[in-house]
Amino acid sequence: MSIEAHARSVVDIYDAHPINEQQIVDKLKLDDIDLSTLNEDILQNYDMDHYDGVEAIDKLAQSAGIKTDSHVLDVASGMGGPARYLAHNYGCTVTGIDLTQSRVEGAKRLTEMTKMSGQVDFQVANALENPFPDQKFDVVIGQEAWCHIPDKKRLIAECVRVTKVGGYLAFTDILECTGLRADHREVLEQGLGYSELGTLAGYRELLEASGCVVEDIEDLGARWGVILRQRLEMYRGLEAQTIDLLGIEAFRRWDRVYTLYVDQIEKGHLGGGRFLARKSTQNAP
Ligand SMILES: C[S@@+](CC[C@H](N)C(=O)[O-])C[C@H]1O[C@@H](n2cnc3c(N)ncnc32)[C@H](O)[C@@H]1O
């Protein structure tokens, strides 16, 4: 598949994703939350699309030294949950980029609802063509999203380019391990929009080749196996809402492919990793 065709298929998948703006707002209403007084302490329980909740964001933020005067870029920011959480809890400024327009529009609306638009902003952009100038950001983060991006070498180079010398890349991602069957890879590519998946060693190599010192890599595969089994149940709990919004076929398609995905993680054919790398003064390209 060409890069352009892949990008279109990712957007189609996220336009029909069970976690979406409408579903978030419906769930808030169902829980009797008054939307006129919505704040980030409440919204953070509804708007994340990565594994391990806010603890995972804290790990990235603390290891990368995010503080009040940091400007953070969230690459593939989804509904904007991590961006708002970072701004609210660390006092930093956050910019998010995402390929899917409906996600960016939803992220902006949710941010307006929490009155955080002065601190957090989003724009539509492909991570492979990062629209920002060199060395604009103190920290670049990403969570469970770079698995969709086909050219990892260019992705890392773009992320490093926009990071200040001495700044950090801190991200988690879904990885390929050993034994993934070609037919399963194809189902995951078509159903979840995955692309060439990164590996623990592959990301290390790319980060080092792009002028970074890798400070930490953590293998998250075993932990994610447990989390993803629960997440599959969470998506099944959204059955009625997903069918109402997107139709029965969309629900069934998602359930089939997500079941395969969880199975592959549990079997160790897929995995996860957390990466922390500092853009080095000596080796910066
Ligand atoms: C699983 S969501 C992650 C959202 C967010 N990190 C979070 O934790 O809530 C993946 C996001 O990646 C975005 N995405 C996929 N390919 C992209 C690309 N090439 N450039 C920018 N965003 C991309 C999708 O549109 C989607 O919103």
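Read the figures in this text as sums done on the coordinates, not as results from a lab. Being a predicted model, the structure only gives us computed values, none of them experimental. With ideal geometry, Cβ positions are generated from the backbone for all residues, glycine too; neighbour counts draw on all protein chains shown.
Around the Cα centre of the range 68-139, unit charges on the Cβ atoms of Lys, Arg, Asp and Glu (plus for the first two, minus for the last two) sum to a dipole of about 280 debye.
Quick check: residue separation of Asp69 and Phe132 times 0.36 nm, minus the Cα distance between them. What number comes out in nm?
Values: separation 63, 0.36 × 63 = 22.68 nm, distance 1.85 nm.
Answer, rounded to one decimal: 20.8 nm.
Near Gly273, the amide H atoms lying under 5 Å from its own belong to Asp173, Leu175, Leu220; only residues 5 or more places off or on other chains count, and H is placed 1.01 Å from N. Using a simple spin-label model with pseudo-atoms 7 Å out from Cα toward Cβ, Arg8 and Ala240 lie 3.8 nm apart.
Please give the direction-averaged projected area of the C-alpha convex hull for the chain, in square nanometres with one decimal. Don't jump to the answer; show the numbers that get you there.
On the way: hull surface 54.6 nm².
If you wrap the Cα atoms of the chain in a convex hull and average its projections, you get 13.7 nm².
For the range 3-279, the dipole from Cβ point charges (+1 on Lys and Arg, -1 on Asp and Glu) about the Cα centre works out to 440 debye, to the nearest 20. Neighbour counting of Cβ atoms within 10 Å sorts the residues Thr93, Thr111, Thr259, Thr100, fewest neighbours leading, into Thr259, Thr93, Thr100, Thr111.
Inter-part distance, the range 104-161 to the range 1-19, computed on C-alpha centroids, equals 17 Å.
DSSP finds beta bridges in the chain, and of those with both partners inside it, around 45 percent are antiparallel. Couplings 3J(HN,Hα) for the range 169-175, derived from phi with the Karplus relation 6.51 cos²θ - 1.76 cosθ + 1.60 (θ = phi - 60°), are 9, 9, 8, 10, 7, 7, 10 Hz, where x marks Gly and Pro.
Rounded to whole numbers, the Karplus 3J(HN,Hα) couplings from phi for the range 217-234 are 9, 10, 7, 9, x, 5, 5, 5, x, 5, 4, 6, 4, 5, 5, 4, 5, 4 Hz, using 6.51 cos²θ - 1.76 cosθ + 1.60 with θ = phi - 60°, and x at Gly and Pro. Calculated mean residue ellipticity, 222 nm, the chain: -14500 deg cm²/dmol, from DSSP H runs (n ≥ 4) at -39500 (n - 2.57) each, averaged per residue and rounded to 500. Largest first, the three principal axis extents of the alpha carbons in the range 139-256 are 49, 30, 25 Å in whole numbers.
Remark: the range 57-62, residue by residue, has Karplus-estimated 3J(HN,Hα) of 5, 4, 4, 5, 5, 5 Hz, where x stands for each Gly or Pro and the curve is 6.51 cos²θ - 1.76 cosθ + 1.60 at θ = phi - 60°. Going down the list Lys27/Lys115; Lys67/Lys152; Lys29/Lys59; Lys67/Lys136; Lys115/Lys164, which pairs span over 26 Å between their C-alpha atoms? As for pairs spanning more than 26 Å Cα to Cα, those are Lys67/Lys152; Lys29/Lys59; Lys115/Lys164.
Entry note, the range 3-279: relative contact order of 19 percent, from Cα contacts under 8 Å with a spacing of 6+ residues.
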